[in-house]
Amino acid sequence: MNIEIITGDITTLQVDAIVNAANCGLLGGGGVDGAIHRAAGGALLAECRAMVAGLPDHRGETGQAYLTGAGNLPCK
């Protein structure tokens, strides 16, 4: 296993995936989550809105992982 530490703007990296600690609303906000949403564009927001609409109480569960596409981000 190779682990590489990179400093910089996570939204510009050509990587396989970005793991983000989002709030339960999954709709972006401040900090890293907001930066990811802004860079990914409307496709990520639309996908998250649709996902949240199908969840109990229309919120993600704390500690649960949710998989989305990358929108406009240069990652897979």
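Rule-based calculations on the coordinates, nothing more; no lab input. Given the structure is predicted, the values throughout are model-derived calculations rather than measurements. Don't worry about glycine lacking a Cβ; one is built from the backbone with ideal geometry, like all the others, and counts go over all protein chains shown.
The HN-Hα couplings worked out from phi for segment 64-71 by the Karplus form 6.51 cos²θ - 1.76 cosθ + 1.60 (θ = phi - 60°) are 7, 9, 10, 9, 10, x, 9, x Hz, whole numbers, x standing for Gly and Pro.
Rounded to the nearest 20, the size of the Cβ-charge dipole of the chain about its Cα centre is 180 debye, with Lys and Arg at +1 and Asp and Glu at -1.
For a modelled paramagnetic label at T62, 7 Å from Cα along Cα-to-Cβ, the residues of segment 17-40 in reach, with backbone nitrogen under 17 Å, are 21-26.
In the chain, the ratio of gyration radius to Kirkwood radius, Rg to Rh, stands at 0.98 when only Cα atoms are counted. Dividing the summed helix terms, -39500 (n - 2.57) for each DSSP H run of n ≥ 4, by the number of residues in the chain produces a 222 nm estimate of -9000 deg cm²/dmol to the nearest 500. A crude spin-label estimate for the pair I6 and V19, with each label 7 Å from Cα along the Cβ direction, gives 1.6 nm.
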